[in-house]
Amino acid sequence: MDVLRIEGGNPLTGTIQVSGSKNAALPILAATLLTEDPCTLENVPNLSDINFMTQIMEYLGSTITQETPGCYQIQTPSLKTKAPYELVRKMRASICLLGPLIGRMREAEVSLPGGCVIGQRPIDLHIKGLKKLGCVTSVKNGYIHIRADKIKGAHVFLGGRQGSTVLGTANLVMVATLTPGTTRIESAACEPEIVDLCHMLIKMGAKIEGIGSHTLSIEGVDRLHGCTHNVIPDRIEAGTYLVAGAMTRGDLTVKGAQIRQLGALNDKLSEAGVHLEVIDDETIRVDGNASELTPIDLITLPYPGFPTDLQAQMCALMSVTPGLSVVTERIYPNRFMHVPELQRMGANISIEGASAIIQGGTPLFGAPVMASDLRASAALVLTGLVSEETTWVQRIYHLDRGYESMEKKLQSVGAAIERLPQTAMPAEFID
Ligand code: EPZ
């Protein structure tokens, strides 16, 4: 296993190019199973989660080739309907295979995803929506079995205790595109990643109205055809690097993101005294030197609210912001695995229910820390960039799930960070 060694103190200066969106690419890969025609996907990020998804798809019957990096040719002439535990357990998001399996084959047998460190990951809303369409579901031996012999369009309310469900919306939309009649989804997720999925489905011949809103109306068609689709850039990756530029008091330009998708983040960063300059629709500059960091009160919400996937990164920023900040997590109330590790680096954070109370501005020191989930890992790296002395981040396979070549991108703008074999760590630090 590899580790990251970070020497803190270097301001990030230069330009970072954003990669394709993991959370758009995953349901979009699944959507190619809805047709036996060939599909071409461009700007697919090079991530372990993408590799997990393509492994499952190949098991199910897809032929997948990469002519050039990030450009996938996919064709699935026939489709198995059982996604096995040994593959599904590697990545919870594989639950978005339910949609295409039911849409095209009218049956599915998928291992239940189980939970993960950021909290419970239920699929009750997915099941509620599928049942409304006429699916018959049962759970046995850790698998969910679904038959859809008498499926037809219906009116579905998909809202849950924490608002919409992103992959639940993706599943329902994918099923509805090939379901006779009209399906109306209320309280649908309207994240940019869902919008991108719908845009691709339209290219495949789907009939979807209300894209970008919380109410979608889908008219089922007999079949979908292949298409070519360019995956949107990753807004969470972009936001992560904007926070890094602010924390290190650098002069960092982030290129390739769709700025209009960063509204909540830009609003909160501005409120936190971060100096942002929008250069054009896809380019934003953070001037750390011109920033006067100010504590904030932040609450995560479904889109267009502040994204939960940037919550850990904001805890890191508030740890270096003098004053009292409050970060409240409304989507995954337990999503604070980064806090104990940040505390070990000197951050003054306490957890009160679903809120992190951060007394920012305390000196931060490098330490051997343990990555636990994708976004918590990013927060540890960002904190290492501003900590005195050396930070060793272990279990960085979590990071590799969602950040393409993070250490290379950070090195290119001046960070003292390198990926090393675990044996390079001082023996007393090795987990
Ligand atoms: C997607 O997960 C993202 N993953 C997550 O990003 C992201 O944090 C999440 O949406 C919220 O924005 C992908 O797109 C691959 P949800 P998803 O269903 O769809 C509850 C990352 O770091 N819920 O929108 O699985 C659930 O417990 C990852 O890139 C139910 O109660 O999330 C949560 O509290 C982490 N019942 C809330 O809704 C359900 O049936 C939002 O979950 C489904 C969800």
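The values are calculated or read from the model by the stated rules, or taken from the named source; none is laboratory data. Bear in mind the structure is a predicted one, so any value in this text is a computation, not a measurement. Cβ sites come from the backbone with ideal geometry, for glycine too, and all protein chains shown count toward neighbours. Just so you know, the surface numbers come from the protein's heavy atoms only, side chains and all, with ligands and any DNA or RNA stripped out. Shrake-Rupley method; radii C 1.70, N 1.55, O 1.52, S 1.80 Å.
Worth pointing out:
- Scan segment 356-401 for residues that are of a type in the set (Ser, Thr, Tyr) and either within 16 Å of the ligand (Cβ to nearest atom) or free of Cβ contacts under 8 Å to residues at least 12 places away in the same chain (or both) and the total you get is 3.
- Residues satisfying the stated conditions in segment 321-346, i.e. part of a loop (DSSP other than H, G, I, E, B) and either open to solvent by less than 10 Å² (accessible area, probe 1.4 Å) or farther than 30 Å from Met425 by Cβ (or both): Thr321, Pro322, Glu329, Arg330, Ile331, Tyr332, Pro333, Met345
- Any hit, segment 349-368, residues being modelled with pLDDT under 95, among the hydrophobic types (A, V, I, L, M, F, W, C) and under 20 Å from Ile236 (Cα atoms): no
- Checking every residue in segment 117-134 against the condition of being away from the ligand (no atom under 16 Å from the Cβ), modelled with pLDDT under 95 and buried (at least 17 other Cβ atoms within 10 Å of the Cβ) gives zero matches.
- Qualifying residue in segment 233-253 (condition: of a type in the set (S, T, N, Q), part of a loop (DSSP other than H, G, I, E, B), buried (at least 18 other Cβ atoms within 10 Å of the Cβ) and modelled with pLDDT of 95 or more): yes
- Counting only residues that are assigned to a loop (DSSP other than H, G, I, E, B) and within 14 Å of the ligand (Cβ to nearest atom), segment 139-162 holds 4 of them.
For (1) more than 23 Å from Pro38 (Cβ to Cβ); (2) not hydroxyl-bearing (Ser, Thr, Tyr), each residue gets a yes or a no:
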{"position": "Cys190", "(1), (2)": "yes, yes"}
{"position": "Lys203", "(1), (2)": "no, yes"}
{"position": "His214", "(1), (2)": "yes, yes"}
{"position": "Asp222", "(1), (2)": "no, yes"}
{"position": "Asn230", "(1), (2)": "no, yes"}
{"position": "Tyr241", "(1), (2)": "yes, no"}
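- Just one residue in the set Val195, Val278, Val221 is surrounded by fewer than 22 Cβ atoms within 10 Å (Cβ to Cβ), assigned by TED's automatic domain parsing to the domain that holds Glu42, among the β-branched types (Val, Ile, Thr) and not in a loop (DSSP other than H, G, I, E, B); that residue is Val195.
- Scanning segment 402-412 for residues that are within 13 Å of Ser19 (Cβ to Cβ) and open to solvent by 20 Å² or more (accessible area, probe 1.4 Å) turns up Glu404, Ser405, Lys408, Lys409.
For every residue, the table says whether it meets (1) crowded, with 16+ Cβ neighbours inside 10 Å; (2) in a helix (DSSP H, G or I).
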site	(1), (2)
Ala378	yes, yes
Leu385	yes, yes
Leu399	yes, yes
Gly414	yes, no
Leu420	no, no
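- None of Ile74, Ile50 is free of Cβ contacts under 8 Å to residues at least 40 places away in the same chain, over 30 Å from Glu277 (Cα atoms), outside the structural domain of Ser405 (by TED's automatic domain parsing) and open to solvent by less than 10 Å² (accessible area, probe 1.4 Å) except Ile50.
- Close Cβ contacts (under 8 Å, 6 or more residues apart or on different chains) running from residues in segment 83-99 that are within 16 Å of Asp124 (Cα to Cα) to residues that are part of a loop (DSSP other than H, G, I, E, B) and of a type in the set (Gly, Ala, Ser) comprise Arg92/Gly114.
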